1. Grab the DSSP H runs of the chain that are 4 residues or longer, score each as -39,500 (n - 2.57), total them, divide by all residues and round the 222 nm result to the nearest 500 deg cm²/dmol.
2. Could you give the distance between the Cα centres of the stretch 1-49 and the stretch 69-84, to the whole Å?
3. Any idea what the relative contact order of the stretch 3-207 is, in percent, if you count C-alpha pairs under 8 Å spaced at least 6 apart?
4. Once the convex hull of the alpha carbons of the chain is built, what does its volume come to per residue, in cubic angstrom?
5. With the crude spin-label approximation of a point 7 Å out along Cα→Cβ, what separation in nm comes out for residue 114 versus residue 18?
6. For residue 169 and residue 185 in one chain, what is 0.36 nm times their gap in residues minus the Cα-Cα distance, to one decimal in nm?
7. List the residues, sorted by chain then number, that are 5 or more residues from residue 149 or on another chain and whose placed amide H is less than 5 Å from its amide H.
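No lab work stands behind these numbers, since they all come straight from the coordinates. Bear in mind the structure is a predicted one, so any value in this text is a computation, not a measurement. Cβ atoms come from the backbone with ideal geometry, glycine included; neighbour counts cover every protein chain shown.
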Amino acid sequence: MSLRLYLLRHGETTYSQKGGFCGILDPDLTSEGATMAEAFAAAYRNLDWKAIYVSPMRRTIATAKPICEAAGLQMQLRDGLKELNYGEWEDQTHEAVERRFNADYVRWLTEPAWNPPTGGETATQVSSRAMPIIAEIEENYADGNVLVVSHKATIRIVLCSLLGIDLGRYRDRIAALTTSVSIVKFDVHGPLLEVLGDRTHIPEHIRNRPGT
C-alpha cells in the first residue's frame, strides 16, 4: 500500500464567488460553501483516513470540520498551508490591481515564482513553507490516506512542486476550484497525480455556479 495525499481546497467564500484577491484575509464560508464541505464529508467519510492537516484559516477549518467529525480525527493545523499573501492587493479586484500596481501586476503575471504581489509572497516562498508539511506527512505516514485542506494558490504550488512543474506556471497549468480534491500517490517512482480537481461530490446545482 502507498501513501495517498488528498489536497482539498476550501469551500466557497464571498471572494471565491465574486472574485478578488483573498490570501491573508479570513472570511467565513458562504452557506453554499458549508454545503460543499458537508458534501465532501458525506462522500469521503468511509475512507480510512490516517490524518487531516489543515491551514489555520476560518474557511479551511470550516471546510475540514465535517470530515474530521465523520472520521473521528483531530485536525492538525499548520501555518505552512496558509494561502499566498497578496500584500497590498488583498481585498482588491484584478482590474483595480492592474490599474494601481500595473508594473508589479505585469511582472507577477509573467513570472509569479519570483515576482510577488506588491508587499506579498512569491510562489517560491509559498513552496518553501508548504513543502516541509508535505515532507512531514511523508515521514509520518508511509502508507494510507492523508487529507490536506488548503487554498487555491497553495494547492497549485504544492502540486507543481511535487510534479516537477515550473512554479512560475502554477496559475497556467493547475486548476483548483472550490472544494475540488486532487490526489497524489507516493510510490516507488515518486509522486503520481491520480486525480486533478475532482468536484463530483458537490451537488450539481452548486457545482455549476459561477465563481472559483
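1. On the way: 9 runs with 87 residues, N = 212.
Calculated mean residue ellipticity at 222 nm is -12000 deg cm²/dmol.
2. 11
3. Computed value for the stretch 3-207: 30 percent relative contact order.
4. Working: hull volume 22.2 nm³, N = 212.
In the chain, the Cα convex hull volume per residue is 105 Å³.
5. My value for the distance between the label points is 3.7 nm.
6. Working: separation 16, 0.36 × 16 = 5.76 nm, distance 2.20 nm.
Taking residue 169 through residue 185 to full extension adds about 3.6 nm, to one decimal.
7. Here the answer is 8, 53, 54, 55, since their amide H atoms fall under 5 Å of that of residue 149.
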